[in-house]
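**Student:** Please find one structure pasted underneath; my questions will follow.
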């Protein structure tokens, strides 16, 4: 029982991380049909902002040396700025492009960012101890849980609640939902396209910043490709949950995280190394049963 | 030059599926990987002790054989083509974005499998001493073969039906096109060509690692296809030539050019950054690629639209 509960918390915290990343991707897909392959590189770039640019193996803290409220604010702002910049430099010019071209461009942008990181910071992974007090294990009624997992779950729950309120109650959120529903109609009714898209990029960048902080504290390592695993799972999560649906992205993230943790815990030793293979098989199987994901949105169904 | 012929094979392989079906696939490098390892399993190694030593999980028969390279290439084509046919028959029940993401899932899954299947693939360590058979003549021959196959497929009724399904899925279904079948055939055929490309890569470098067949190659080959223009076979070939030229140029700049006494050099890593930027620019300025869906024509010789 204890083992099961521990696995459940593992699953929930990994799922939360995937859900946050999936939400950042799903938001942009909902509004501009962009599958943003560069999202992982937004995450990596935000994490690298913690240290001074140099190719040395030892990292010197930069933003990372600030006190924690400032640090969080600075990294989140950084994430937002990166996302907005890429919108202004690249995606703004591709408003009328097909989803396929957008996908390719985001792939290219991610490649550029990743290689810029390698040029500036060097390709080798760097150790970075940030908030190591969070990684300590606390004892809750016989359950031994790393504090960080609880923080991750808490932060995710808080952010989701905040985002939900934002989308439902504020005029900006309502405009965003309208644009996701029917972009052309929303524009006719006075929603400013540039503003709504910039806003969704900003929120997506904010989420990337949160993911980068949680992930760096958890792993203690910086690497140019550090986020690629999370992002692969996040993509899959958005598709499994249902493209373009935000609750779907969250659900998909939790599901993929849970599948991954449960397989890790309950697969026999000999084939545990193949865990990811099973996760991907599970995803393909799920897509075959429900090609448009768990939550099906009518605006993405093909109409004849 | 030899490297370019490999890229032509790979990108033409991608074109057979992506160009004709209009579905972006991120998973084709998986078949390249399968092809490269099939080549190792059949044709490696020059030292008789190498395979049993590094790959103890292989069947004994395979451990003791080291057939000449053509047999290895044939095996690569057969294994990659066969697995692409099976996987394609499953994945092609999906369409559009779901299919693209499923191929992405395929790539990640295959990568995870080969990385951990240590007894058969060597896992994370690289396999060296693979017989090197590639010369620019052999490469050119294989590249011409790949283009010819792509052309034959393009002209065949399967190619035509596939493009019909790309342009107007519902209408093509109504006209009696079995969309699933034509897509699966193209997927299998393009997987086969990718497998040959993988064997060529193995026989060119003499080294095979799992990491060599992941996101970087996926990006590079897709970039070439799309920059050239995924709408036409000429686009695929032109894309390879154009991007190879660009990377070569950037590589020169990275080494540095002498201007009087000063050495002008771009920072390292600029090659990749430049490649990405070129790709973004092409997509913004010319969304359908350099060839814009047209074919190069020589006299009256013309491909069907």
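Throughout, read-outs are computed from the coordinates displayed, never taken from laboratory work. This structure is a prediction, so every number in the text was calculated from the model and none was measured. Note: ideal-geometry Cβ built from the backbone for every residue, glycine included; neighbour counts use all protein chains shown.
**Student:** Rank these for me by crowding, B:133, B:104, A:201, going from fewest to most other beta carbons within 10 Å.
**Tutor:** By the 10 Å Cβ count, ascending: B:133, B:104, A:201.
**Student:** Taking springs between alpha-carbon atoms closer than 10 angstrom, which of A:227, A:237, A:74 fluctuates most in the Gaussian network model of chain A?
**Tutor:** Highest fluctuation of the listed residues: A:74.
**Student:** Calculate, in nm to one decimal, what residue A:194 and residue A:170 gain on full extension: separation in residues at 0.36 nm each, minus their alpha carbon distance. Intermediate results must be reported in sequence, preceding the final value.
**Tutor:** On the way: separation 24, 0.36 × 24 = 8.64 nm, distance 1.80 nm.
Here the segment from residue A:194 to residue A:170 would lengthen by 6.8 nm.
**Student:** Oh, and also: What residue among B:36, B:165, B:245 shows peak mean-square fluctuation when chain B is described by a Gaussian network model with Cα springs under 10 Å?
**Tutor:** Evaluated over chain B, the most mobile residue of the options is B:245.
**Student:** Shape verdict for chain B, please, from the Cα gyration tensor: rounded (a/c under 1.5), prolate (a/b greater than b/c) or oblate. Write down the numbers at each step before the final one.
**Tutor:** Values: a/c = 1.72, a/b = 1.10, b/c = 1.57.
Taking the square roots of the gyration eigenvalues as a ≥ b ≥ c, chain B is oblate.
**Student:** Mind jotting down the distance between the C-alpha centroids of segment A:224-239 and segment B:155-192, whole Å?
**Tutor:** Taking the Cα centre of each part, segment B:155-192 and segment A:224-239 sit 31 Å apart.
**Student:** Something else about it: Just to be sure I understand the model, the point goes 7 Å from the Cα along the line to the Cβ. What's the resulting residue B:170 to residue B:255 distance in nm?
**Tutor:** 5.7
**Student:** Okay, moving on. With a 10 Å cut-off between alpha carbons and a GNM built on chain A, which of A:281, A:159, A:207 moves the most?
**Tutor:** Most flexible of the set in this elastic network: A:281.
**Student:** When the helices in chain A are scored as -39500 (n - 2.57) per DSSP H run of 4 or longer and the sum is shared across all residues, what 222 nm value do you end up with, to the nearest 500 deg cm²/dmol?
**Tutor:** That calculation yields -22500 deg cm²/dmol at 222 nm.
**Student:** A further question on this structure: Rank these for me by crowding, B:135, A:119, A:170, A:156, going from fewest to most other beta carbons within 10 Å.
**Tutor:** Neighbour counts put them in this order, fewest first: A:170, B:135, A:119, A:156.
**Student:** Give the order of B:184, A:77 when sorted by the count of other beta carbons within 10 angstrom, beginning with the fewest.
**Tutor:** Listed from fewest to most nearby Cβ atoms, that is A:77, B:184.
**Student:** In addition: Helix-only estimate, please: 222 nm mean residue ellipticity of chain B, summing -39500 (n - 2.57) across DSSP H runs of length 4 or more and dividing by its residues, to the nearest 500.
**Tutor:** Result for chain B, helices only: -22000 deg cm²/dmol.
**Student:** With r defined as the distance between the Cβ atoms of residue B:155 and residue A:147 and R0 fixed at 45 Å, what FRET efficiency is calculated, to the nearest 0.05?
**Tutor:** 0.10
**Student:** Same structure again: Say each of residue A:157 and residue A:219 gets a label point 7 Å from the Cα, pointing the same way as Cα to Cβ; how far apart are those two points in nm?
**Tutor:** Inter-label distance under the simple model: 2.7 nm.
**Student:** Please find the FRET efficiency linking residue A:131 to residue B:86, where r is the Cβ-Cβ separation and R0 is fixed at 56 Å, and quote it to the nearest 0.05.
**Tutor:** 0.70
**Student:** Would you work out if the protein assembly as shown is rounded, prolate or oblate? Take a ≥ b ≥ c from the square roots of the eigenvalues of the alpha-carbon gyration tensor; rounded if a/c is under 1.5, else prolate when a/b is larger than b/c, oblate otherwise. If you can, show how the numbers build up before the last one.
**Tutor:** Working: a/c = 1.43, a/b = 1.26, b/c = 1.14.
Because its axes are fairly even, with a/c under 1.5, the protein assembly as shown counts as rounded.
**Student:** Cα gyration tensor of chain A, axes a ≥ b ≥ c as square roots of the eigenvalues: rounded (a/c below 1.5), prolate (a/b > b/c) or oblate? Can you show the working numbers first?
**Tutor:** Details: a/c = 1.59, a/b = 1.19, b/c = 1.33.
It comes out oblate by the Cα gyration axes.
**Student:** What is the distance in Å between the Cα centres of segment A:268-286 and segment B:211-240?
**Tutor:** 30
**Student:** If you don't mind, there's one more thing I want to ask. Using alpha carbons only, how many angstrom separate the centre of segment A:137-204 from the centre of segment B:10-27?
**Tutor:** Going from one Cα centre to the other spans 36 Å.
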